[in-house]
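Data block below; observations after.
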Amino acid sequence: MDEKKGKLTVVGIGPGAMDKLTFEAYRAMEECDVIAGYHVYVDLVRDSFPDKKIVSTAMRREEERCVQALEEAAAGRNVAFICSGDAGVYGLAGLIFEVAQDYPGVEIEVIPGVTAALSGAACLGAPLIHDFALISLSDLMTPWETIEKRLRMAAAGDFAIVLYNPSSHRRKEHLQKACEILLEILPENRVCGTVRNIGREGEETRIYTLGELRNVHVDMFTTVFIGNASTKRIGDKMVTPRGYARERGAGFGEQ
């Protein structure tokens, strides 16, 4: 009889609060034998699944984390490999598929989650109603020159822009540098917003102009939103109109 192989489900857990999980994500963790992932994310769900075996690693040990999870699955266990937000958006779904080439008997499934661009936008109001670009300011895996190019092109294309990883202990000035690049093209009064600790204790939203944002200090738990030319502030919300008033007579639908 062939040796039983397990399954590895890559699960996006959204912002981290249990009520922000999709039903599919919750079911995957409820039905698994092992929950694996970065220790900070594992701690967010640990109390809700006290009977599960936990496999976790610290930051910057992503490949080791994937190997550990795949080893558990190769041993016949059902593994939920969790990532914050969506596992396919700056998550580890891609690395899992690369490493899994050495584990051909393991079935892999990816379950989407609510990425910070979406959950943060809901906190701010409706900043992403139209086209938008999502850019990480982390230069750990992407050269800063490439990030600069993407910022300039997104600004030139009048995209609303979402910035992930705007700051860290090592990259304290990256948001300031990004704002200075954007200000080469965009006006200082462009509406912007930040959301910190999305869906967690201490959640906080702020509205700024781009000129003000340049001098704001943020941390790695903050997501930054920069509006397009039509984005406006309505009360304490950030709203990007889609143009429905202009198109009412043209018969356009919601898509």
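The values are calculated or read from the model by the stated rules, or taken from the named source; none is laboratory data. Keep in mind the model is a prediction, meaning the values are calculated, not measured. Cβ coordinates were reconstructed from backbone atoms using ideal geometry, including for glycine residues, and neighbour counts include every protein chain displayed. Surface accessibility is based on the protein's heavy atoms, side chains included, excluding ligands, DNA and RNA. Shrake-Rupley method; radii C 1.70, N 1.55, O 1.52, S 1.80 Å.
Its Cα centre serving as origin, the chain has a Cβ charge dipole (Lys and Arg +1, Asp and Glu -1) of approximately 860 debye. Taken one residue at a time, the phi angles of the stretch 90-103 give Karplus couplings (6.51, -1.76, 1.60, θ = phi - 60°) of 6, x, 10, 4, x, 5, 4, 5, 5, 5, 5, 4, 8, 10 Hz. Gly and Pro are set to x.
Straight-distance candidates among the aspartates and glutamates for linking to residue 177, with alpha-carbon spacing under 18 Å and chain neighbours fewer than 8 residues away dropped: 139, 145, 148, 188, 212, 219.
For the stretch 81-179, the fraction of 1.4 Å probe accessible surface lying on carbon and sulfur atoms is 55 percent. Per residue, the stretch 7-119 exposes an accessible area of 46 Å² to a 1.4 Å probe, with every protein chain left in place.
For the stretch 122-255, the gyration tensor built on C-alpha atoms gives a prolate shape. Its axis ratio a/c (a ≥ b ≥ c) is at least 1.5, and a/b is the larger of a/b and b/c. As a quick test, which of the pairs 172/232; 149/237; 7/53 have an alpha carbon distance above 22 angstrom in this structure? From the list (172/232; 149/237; 7/53), the Cα-Cα distance tops 22 Å for 172/232; 149/237.
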